[in-house]
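Okay, structure first, notes after.
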Amino acid sequence: MKIGIVCYPTFGGSGVVATELGKALAKEGHQVHFITYSQPSRLDFLNENLFYHEVEFRSYPLFEYPPYELALASKMVSVVLNEKLDLLHVHYAIPHASAAYMAKQILKTKGIYMPVVTTLHGTDITLVGKDASYEPVVTFSINESDGVTSVSEDLKRETYHSFKITRDIEVIPNFIDLEKFKKQKKDHFKKAICPNGEALLVHTSNFRKVKRVGDVINVFNNVHKEIPSKLLMIGDGPERNHAETMARDLEISDSVRFLGKQEAVEEVLSVADLFLMPSEKESFGLAALEAMACEVPVISTNTGGLPELQIQGVTGYMSNVGDVEDMTRHALHVLDKNNLPKFKQNALARAKEFDITNILPLYERYYEKILAKAAINKTINVAV
Ligand code: GMT
């Protein structure tokens, strides 16, 4: 198949899933064309089946807001025409699904029926998409997609609940490449951070409000009072200053390190004992899956799709959003030397169920189904 993938190229779950999916499809022999405004950060290897098309958009003094969606739609049209794509797969509804709709209509005038698959990732539905300023366009463009997938059953339910959706939604969960995300021997690194054998807790995110980084600091502060421990905060975003201030006010700055954005998260996870994800919403929780693949148990909330990933009391624990005391209690239980090895083992075993080799065929089969349906639509729709 010749597949066009549209996504956000920067750090962030949806872009990571889209890029890793494209790489895996290319390895399977499909031709994959990324259409993004900059090179996806994980598009880091050469393969004869991988192509990258940059969306260029001109600014003009009249534009207070450059019309990115138009430039993207135009780029999709040109890539489909020049590369003879079979299918467009857009990740994150806003504004990719509506740009794809526009491209599809333009292509129709040229006698081409271009099937579009939209994958819903989370905040495009749960936070941003619901907002009245976007809702009509999000509803319309989801319904106009030829196929729609969501990354969890919970996100599927939420989509039907919040929007008037007339399409079937296929659930295809996030996945992990266990060749990349695996526990590596990084003893020197562990020794440098935890010279006295302290327990190491880790949080990674984009530090947005939805991640509740304040809860990370509070849970760690409680744990730190009970056992020698350190915390690594990976990533960056609007709430980072707030978290740093909290650590200073609680006088735990010496035990908390903010590492900023990191390319090789798996190296840090390799030395971690516990992963903290106290998110207010989390449609799947890819960062938690990455931790589990590196044998790190997870303390998370029970929100969104997290119960579809975590197994309570097995891979870690889930608590209600904001219940810092419950998360602390569970963290101390998992970190107990008698319990930790079993939790680590269980985390890895669960992560293996989401190995990319299990999930990739679900996407391939879904594409085939959509292409078969499109073959019928082609004759009906292009003629209209
Ligand atoms: O919130 C993030 O971490 C970024 C966001 C994105 O769209 O880039 O992640 C969402 O998509 C991921 C991949 O499907 C999911 O694993 C995350 O749970 C989801 N984030 C939220 O729902 C808050």
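Could you list all residues from the range 215-234 that are within 16 Å of the ligand (Cβ to nearest atom) and not acidic (Asp, Glu)? Talk me through it step by step, then tell me what you get.
From the range 215-234, those within 16 Å of the ligand (Cβ to nearest atom) are 215-216, 233-234; that's our starting set.
If the condition is that a residue be within 16 Å of the ligand (Cβ to nearest atom) and not acidic (Asp, Glu), then Val216, Met233, Ile234 are the ones that fit.
What about Thr245, is it under 20 Å from Leu127 (Cα atoms) and out of contact with any Gly (no Cβ under 8 Å at 6 or more places or on another chain)?
Details: under 20 Å from Leu127 (Cα atoms): no; out of contact with any Gly (no Cβ under 8 Å at 6 or more places or on another chain): yes.
Considered against the rule, which asks whether it is under 20 Å from Leu127 (Cα atoms) and out of contact with any Gly (no Cβ under 8 Å at 6 or more places or on another chain), Thr245 comes out as no.
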Among residues belonging to the range 138-159 that are among the hydrophobic types (A, V, I, L, M, F, W, C) and either out of contact with any Gly (no Cβ under 9 Å at 6 or more places or on another chain) or within 12 Å of Val90 (Cα to Cα) (or both), point out the one that is nearest to the ligand (Cβ to nearest atom).
-> Val148
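State whether one or more residues within the range 368-380 are touching a helix residue (DSSP H, G or I) at 6+ places or on another chain (Cβ under 6 Å) and either closer than 20 Å to Gly15 by Cα or outside any strand (DSSP E or B) (or both).
Initially, the range 368-380 is screened for residues touching a helix residue (DSSP H, G or I) at 6+ places or on another chain (Cβ under 6 Å), giving none.
So far as the range 368-380 goes, no, none of its residues is touching a helix residue (DSSP H, G or I) at 6+ places or on another chain (Cβ under 6 Å) and either closer than 20 Å to Gly15 by Cα or outside any strand (DSSP E or B) (or both).
Within the group Asp124, Asp168, Asp131, which residue is of a type in the set (Asp, Glu), within 16 Å of the ligand (Cβ to nearest atom) and in a loop (DSSP other than H, G, I, E, B)?
Details: Asp124 fails: in a loop (DSSP other than H, G, I, E, B); Asp168 fails: within 16 Å of the ligand (Cβ to nearest atom).
Result of the check over Asp124, Asp168, Asp131: Asp131.
I want to confirm something. Restricting to the range 72-97 and keeping residues that are of a type in the set (Gly, Ala, Ser) and modelled with pLDDT of 95 or more, which single residue is farthest from Thr159 (Cα to Cα)? Working first, answer last.
Within the range 72-97, the subset of a type in the set (Gly, Ala, Ser) is 73-74, 78, 93, 97.
Subsequent filtering for residues that are modelled with pLDDT of 95 or more retains 73-74, 78, 97.
Numbers: Ala73: 24, Ser74: 28, Ser78: 31, Ala97: 15 Å.
Filtering first and then ranking leaves Ser78.
Quick one: count up the residues across the range 188-222 that are under 17 Å from Ala288 (Cβ atoms) and of a type in the set (Gly, Ala, Ser).
The initial filter retains those residues of the range 188-222 that are under 17 Å from Ala288 (Cβ atoms), namely 200-208, 210-213, 215-216, 219-220.
Keeping just the survivors that are of a type in the set (Gly, Ala, Ser) gives 205.
Total meeting the criteria: 1.
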Which of (1) in contact with a helix residue (DSSP H, G or I) (Cβ under 6 Å, 6 or more places away or on another chain); (2) surrounded by fewer than 17 Cβ atoms within 10 Å (Cβ to Cβ) does Pro361 not meet, given it meets every other one?
-> (1)
Can you name every residue in the range 171-182 that is crowded, with 16+ Cβ neighbours inside 10 Å, more than 16 Å from the ligand (Cβ to nearest atom) and either farther than 20 Å from Ser270 by Cβ or not hydrophobic (A, V, I, L, M, F, W, C) (or both)?
-> Lys182
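Based on what the data block shows, is Thr10 hydroxyl-bearing (Ser, Thr, Tyr), under 22 Å from the mean Cα position of the chain (by Cα) and at pLDDT below 90?
Working: hydroxyl-bearing (Ser, Thr, Tyr): yes; under 22 Å from the mean Cα position of the chain (by Cα): yes; at pLDDT below 90: yes.
The answer is yes for Thr10.
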Top-ranked residue of the range 63-112 - restricted to ones that are farther than 25 Å from Lys369 by Cβ and polar (S, T, N, Q), ranked as surrounded by the fewest Cβ atoms within 10 Å (Cβ to Cβ) | Thr109
Using beta carbons and a limit of 8 Å, which pairs, at least six apart or on different chains, have the first residue in the range 183-200 and in contact (Cβ under 8 Å) with a residue 12 or more places away in the chain and surrounded by 12 or more Cβ atoms within 10 Å (Cβ to Cβ) and the second one of a type in the set (S, T, N, Q) and not in a loop (DSSP other than H, G, I, E, B)?
-> Glu198/Ser229; Glu198/Ser255; Ala199/Ser229; Leu200/Ser229
So which residues in the range 258-289 are of a type outside the set (A, V, I, L, M, F, W, C), touching a Leu at 6+ places or on another chain (Cβ under 7 Å) and closer than 21 Å to Lys185 by Cα?
-> Asp273
Of those in the range 274-295 that are touching a Lys or Arg at 6+ places or on another chain (Cβ under 7 Å) and farther than 15 Å from Glu353 by Cα, the residue farthest from the ligand (Cβ to nearest atom) is Pro278
Of all residues in the range 201-230, which are free of Cβ contacts under 8 Å to residues at least 40 places away in the same chain and charged (D, E, K, R)?
-> Arg208, Lys225, Lys230
Answer from Leu309, Leu348 - the residue that is over 22 Å from Val223 (Cα atoms), more than 16 Å from the ligand (Cβ to nearest atom) and in the same structural domain as Val223 (by TED's automatic domain parsing) | Leu348
Pairs returned, first residue in the range 68-89 that is within 17 Å of Thr118 (Cα to Cα), second residue that is acidic (Asp, Glu) and assigned to a helix (DSSP H, G or I), beta-carbon separation under 7 angstrom, 6 or more apart or interchain, are none
Residues being more than 16 Å from the ligand (Cβ to nearest atom), part of a strand (DSSP E or B) and touching a helix residue (DSSP H, G or I) at 6+ places or on another chain (Cβ under 8 Å) - total across the range 1-53 = 10
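The values are calculated or read from the model by the stated rules, or taken from the named source; none is laboratory data. In this text the structure is predicted, and so the values were computed from the model without any measurement. Backbone-built Cβ (ideal geometry, glycine too); neighbour counts: all protein chains shown.
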